[in-house]
Amino acid sequence: MPRAIWLLVLGMAVNTIGSSFLWPLNTIYLHNHLGKSLSVSGIVLMINSGANVIGNLYGGHLFDKIGGYKSIILGIGISLIALLGLTFWHGWPVYVIFLTIIGFGTGIIFPSMYAMAGSVWKEGGRKTFNALYVAQNVGVAVGAALGGIVADYSFEYIFLANTLMFIVFMLIAVFGYRGITDESIKHDHNQGSGQPLKNNGQLQPLLILCLGYLLCWVAYNQWTTTIASYTQEIHISLSHYSLLWTINGALIVIGQPVLNGILYNIRTSLKGQMLIGMVIFIVSFIIAGRATAFSGFLVAMIILTIGEMFVWPAVPTVAFSLAPKGREGFYQGIVNSTGTGGRMIGPVLGGMMVDLYSMSVLFTVLIGLFLIAIITTLTYDRILKKEQVLPSCSHTD
C-alpha cells in the first residue's frame with residue numbers, strides 16, 4: 001500500500017484504541033459510579049450516538065468543502081477539548097455534555113479518513129477500505145483490553161488514557177496528513193463548487209443500499225445488548241462472553257487478508273460479496289437463537305465474524321464508487337451515520353422485543369431484517385444499470 005494509506009491506517013488504529021478505552025465502559029461508569037439507572041444510561045448513550053450521526057454527516061460535508069486534513073484536525077480538536085474536560089470533571093451532568101461533544105467530534109473524523117483513503121489510492125478499490133476496517137478492529141481489540149486493565153486499577157485513569165491516545169493521533173495527523181491532502185487529493189473545488197454536481201441520481205442507490213446496511217447493524221448490535229444479557233441469564237460467565245469478542249477481533253485481523261486473496265481470485269462483485277455476507281449473518285443468528293451453551297455462541301460468533309468481513313468493508317467501497325467528484329466525503333458521511341443509526345436503534349428495538357415477547361421472537365425478527373437487507377442489496381443498482389452510469393461499480397477489486 002502507498003505510504004499515505006499506512007499513515008491513515010496507523011491513525012485509524014490509534015484513534016480507535018483511544019475511543020475503545022471508554023465506550024465499552026460507559027454503561028458501567030454511569031450505572032455503578034454515577035448511580036444512574038440502566039434506562040438513563042441507555043438514553044445517555046443514545047444522545048452520544050445521535051451526536052455521532054450529526055458529526056458523520058457534517059464531517060463528510062466538510063471533507064468536500066475544506067479537504068480531509070482540516071476536517072480531521074477539527075474533529076480531533078473538538079474531541080480533545082471534551083476529553084481534557086472529562087479528565088478533570090466527570091461527574092453528573094457534565095459527563096453527558098462532554099460525552100455528547102466527543103460523539104460529535106469523533107463523528108467528523110471517520111468519513112474524512114475513509115474519503116481521504118479512497119481518494120489517495122483509487123486503484124486499491126476494496127483493499128483500501130479493508131485496511132481501514134482491519135485497523136479499526138485492531139484498535140477496538142487493543143483499546144478494550146487495555147481499558148479493562150486500566151479500569152481495574154483506577155477508573156479515573158481511563159479518561160486520561162483516552163486523552164493521551166488522542167494527543168498521539170493529533171500528532172500523527174498534524175505531521176502526516178497535511179502532505180496527503182496537498183499532494184494526493186484533488187477535488188477541483190474551484191471548478192465544481194459553483195456548478196451543479198453531476199450524477200446526483202447516484203444518491204438514491206446509495207440510500208437504498210444504506211437501508212439494508214442499517215438493518216444489518218440493528219441486528220448485529222444485539223450481540224452487545226440483548227444477546228449479551230441473554231448469555232448472563234443462561235449462566236455464561238462474563239469472561240467467556242468477553243472471549244467471544246476477543247475471537248471476533250483476532251479472526252478479523254488474521255482472516256481479512258486471507259479473504260481479500262480469495263475474493264480477488266474468484267473475482268466476485270461487491271454486490272455478490274455483500275449478499276454472501278448477509279446469508280452468512282442469517283446462518284449465524286439461526287445458530288445463536290438455538291444456542292444454550294457457550295459452544296453454540298462460539299460457533300455463531302465465528303460465523304458472524306466471517307459475515308461481517310464480507311459486508312462491512314464493502315459498503316464504503318461501493319459508496320466511494322457511487323460518489324460524484326467532489327462528493328466523496330458526503331457519501332462516506334452517509335455510510336458512517338447509517339451504521340451509527342443502526343447502533344442507536346438496535347438496543348431500543350431489541351429491548352422492546354424481548355420485554356414484550358421473547359428472545360426467540362427477537363431472533364425471528366432479526367432474520368427478517370436480514371432478508372429485507374438482501375432485497376435492498378439486490379435492487380440498489382437497478383437505476384445504475386438502466387442508465388449505465390456506473391458499469392464498473394460491481395467489479396471493483
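Of all residues in the stretch 119-155, those satisfying the criterion of being touching a residue at least 40 places away in the same chain (Cβ under 8 Å) and either among the charged types (D, E, K, R) or not assigned by TED's automatic domain parsing to the domain that holds M1 (or both) are R126, K127.
Against the criterion of being closer than 27 Å to S119 by Cα and either in a helix (DSSP H, G or I) or among the basic types (K, R) (or both), G55 qualifies. In the set (1) in contact with a helix residue (DSSP H, G or I) (Cβ under 8 Å, 6 or more places away or on another chain); (2) more than 17 Å from F21 (Cα to Cα); (3) surrounded by fewer than 21 Cβ atoms within 10 Å (Cβ to Cβ); (4) not polar (S, T, N, Q), Y133 fails one condition alone, (3). Exactly one residue among L349, L384, L322, L378 is over 22 Å from the mean Cα position of the chain (by Cα) and modelled with pLDDT of 80 or more, and that residue is L378. Of all residue pairs spaced 6 or more apart or on separate chains, those with beta-carbon atoms under 8 Å, a first member in the stretch 54-66 that is farther than 17 Å from L207 by Cα and a second member that is part of a helix (DSSP H, G or I) and hydroxyl-bearing (S, T, Y) are G55/T106; G59/S71; G59/S112; L62/S71; L62/S112; F63/S71; F63/S112.
Among residues of the stretch 327-355 that are more than 10 Å from N221 (Cβ to Cβ) and of a type in the set (S, T, Y), none has a Cβ under 6 angstrom from a residue that is modelled with pLDDT under 85 and in a helix (DSSP H, G or I) at a sequence gap of 6+ or on a separate chain.
The values are calculated or read from the model by the stated rules, or taken from the named source; none is laboratory data. What you are looking at is a predicted structure, and each value in this text was computed from that prediction instead of being measured. Cβ coordinates were reconstructed from backbone atoms using ideal geometry, including for glycine residues, and neighbour counts include every protein chain displayed.
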